[in-house]
Structures are given as C-alpha cells and as structure tokens.
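Here the structure comes first, spelled out in structure tokens, and everything after it is commentary.
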Amino acid sequence: MPQVLLFDIDGTLIKPGDPIHQQALLDAVRTVYQVEASLEGIPLGGMLDSQIVRLTLEKYDVPASDIRSGLTETMSIMGKRYGELLDGGERRSWLLPGVVELLSRLNGERVLSVLTGNASGVARAKLSAAGIDYYFPHGAYGDSADHRYELVAVAIERVTHTTGETFQETDVVLIGDTPRDIEAARESGAKVLAVATGRYSVDDLAEHDPDIVFEDLSETERVLHELNAMADSPRGTR
Ligand SMILES: [Mg+2]
C-alpha cells in the first residue's frame, strides 16, 4: 500500500505569516458578522481558519449560535477575498528550502495531499501562486472540520475516492511545523514528520515527540530515507 503524505501548507511548504491571508479572514468576518475584529491574542500556528474565526468572534461576545450559522459563508468569502487581494501575485519566493525537490521526487511514488487549516479557497490560491498546486490535486482544508485531527479522516476519504484504494491511518504521515500537527497525528493514529521552518524550533517540536523532526526539508535523501523507515514500521510502534 503506498504511503499517504499529508502536507501542511503554512510553515511547511510556504513561509508562514501571509498578511493577505489574515486580511481576507478579517474582511470576511466584517462582511458576515459586521464585526471590525483584530487577531491580537489569537494563537494562529496550526489552527484551522474556522477555529480562528470562532475564537476571534468569541472575543467580541458574538453568540455561539450566530458564529456557527455564519461560518460556512465566512470561509467561502474568505477564499474569494484572498484571491482578490493576491491579484495575480506570486508565492514562489515564499517556498521553503527543499520543498520543490522533495515534491518532485515523491510525485508518482507516494500519494500526496494537503492537510491544512487554510480555508479551501485560500489553500488552492496559495498553492497555485506558489506553483505547486499540480502536486496536490486534492486536500483536507480548514473549512471541512472543527478540529485538525478530524481532517485526517477527511483526507483519507478524499484520497480513497481519488485512487480507489483503501488506506488506514497508519499508512498516513502528516508533515507539519507546529505542535498542533503532531497532536493531530497522535489523535488520529497517523505518523508525523515535523519540520522547524515555521515558528517552532527543532527543540520545541521534539518536546511533542514526533516520529522525526527536521530543521528543514532540504536534505532530500535523508527525508526520503526516514519516510521509507516510517512506511516499514509496524502499526503502533515508532
Ligand atoms: Mg503550519
């Protein structure tokens, strides 16, 4: 059974901190909830866009039922708004070290997909602006679940639908840059390769006990070797 690799986007494939991503979220919140919000004090790393919207609106005392009823529309407007703000701009210069080389080596050898907190419209626009959308025909996005670990099942369902093959959680490796990616893997039964190209150092990430942690993805052969080792390791052991 081929390994399924689920890549996070921000801090893993592309540099984190895209200012128009945050702007698109705040613009969508203003449109749907008429709240002039700020993201101050909201933890962003590894969070789903839907969680960020919920936490932001709670700060402004918007009732939970109102938050819930507007969430789908907010995610959709956010994706469109991101595309407008990007305005044909590029994200190739935001690609992190080794990413393109690694993806080109893995392509056709493994099943590649994204598992990201980004709303789907934002994710697709970002991957396309970075020139790597070709590698990721499908994905699990921040508007498809309430918690990151739930996206693993969403991703497996989509991969199964596309390939016609059946996968278990243990066939899956999450590749991400935050403790929340590691937790999502543990809670779902997937394996996890952590990479310190986001806001967390190797030591920070190692504390959360990933299967392996890298400074970045530039040592292609080492990364491939570790992925092979993970594919061979039996269920439940590391
Ligand atoms: Mg990330």
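The values are calculated or read from the model by the stated rules, or taken from the named source; none is laboratory data. Because the structure is predicted, anything quoted here is derived from the model rather than measured. Positions of Cβ are generated from backbone atoms using ideal geometry, with glycine treated the same way; all protein chains shown enter the neighbour counts.
Computed quantities for the displayed model
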| read-out | value |
| --- | --- |
| Evaluation of LEU48 against (1) among the aliphatic types (A, V, I, L, M); (2) free of Cβ contacts under 8 Å to residues at least 40 places away in the same chain; (3) closer than 28 Å to LYS191 by Cα (one fails), failing number | (2) |
| Of all residues in region 177-190 being within 11 Å of the ligand (Cβ to nearest atom) and not in a helix (DSSP H, G or I), the one that is nearest to ILE14 (Cα to Cα) | ASP177 |
| Among the residues listed as VAL159, VAL213, the single one being touching a strand residue (DSSP E or B) at 6+ places or on another chain (Cβ under 7 Å), buried (at least 16 other Cβ atoms within 10 Å of the Cβ) and within 27 Å of PRO137 (Cβ to Cβ) | VAL159 |
| Evaluation of TYR60 against (1) crowded, with 20+ Cβ neighbours inside 10 Å; (2) modelled with pLDDT of 95 or more (one fails), failing number | (1) |
| Which numbered condition SER218 fails, given (1) more than 24 Å from ALA155 (Cβ to Cβ); (2) touching a Pro at 6+ places or on another chain (Cβ under 8 Å); (3) part of a helix (DSSP H, G or I) | (3) |
| Hits in region 157-178 - residues which are of a type in the set (Val, Ile, Thr) and over 20 Å from ASP211 (Cα atoms) | VAL159, THR160, THR162, THR163, THR166 |
| Search result, residues across region 20-56 that are within 16 Å of the ligand (Cβ to nearest atom) and outside any loop (DSSP other than H, G, I, E, B) | HIS21, GLN22, LEU25, ASP49, SER50, GLN51, ILE52 |
| Lone unmet requirement of (1) within 16 Å of the ligand (Cβ to nearest atom); (2) under 16 Å from the mean Cα position of the chain (by Cα) for MET75 | (1) |
| Single residue of region 191-202 satisfying the filter (part of a strand (DSSP E or B) and touching a residue at least 40 places away in the same chain (Cβ under 8 Å)) that is farthest from the ligand (Cβ to nearest atom) | LYS191 |
| Single residue of LEU224, LEU174, LEU151, LEU205 found to be within 13 Å of the ligand (Cβ to nearest atom) and either part of a strand (DSSP E or B) or over 26 Å from ALA119 (Cβ atoms) (or both) | LEU174 |
| Matching residues in region 57-88 - criterion: being part of a loop (DSSP other than H, G, I, E, B) and within 16 Å of LEU39 (Cα to Cα) | TYR60, ASP61, VAL62 |
| Check on MET78, at pLDDT below 95 and not assigned by TED's automatic domain parsing to the domain that holds HIS147 | no |
| Scope region 95-128; condition touching a strand residue (DSSP E or B) at 6+ places or on another chain (Cβ under 9 Å) and part of a helix (DSSP H, G or I); matching residues | VAL99, LEU103, LEU106, SER120, ALA123, ARG124, LYS126, LEU127 |
| Residue in region 88-100 that is without any contact (Cβ under 8 Å) to a residue 40 or more places away in the chain and surrounded by 15 or more Cβ atoms within 10 Å (Cβ to Cβ) present | yes |
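Okay, residues lined up against (1) surrounded by fewer than 18 Cβ atoms within 10 Å (Cβ to Cβ); (2) hydrophobic (A, V, I, L, M, F, W, C):
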position: VAL4; (1), (2): no, yes
position: LYS15; (1), (2): yes, no
position: SER50; (1), (2): no, no
position: THR72; (1), (2): yes, no
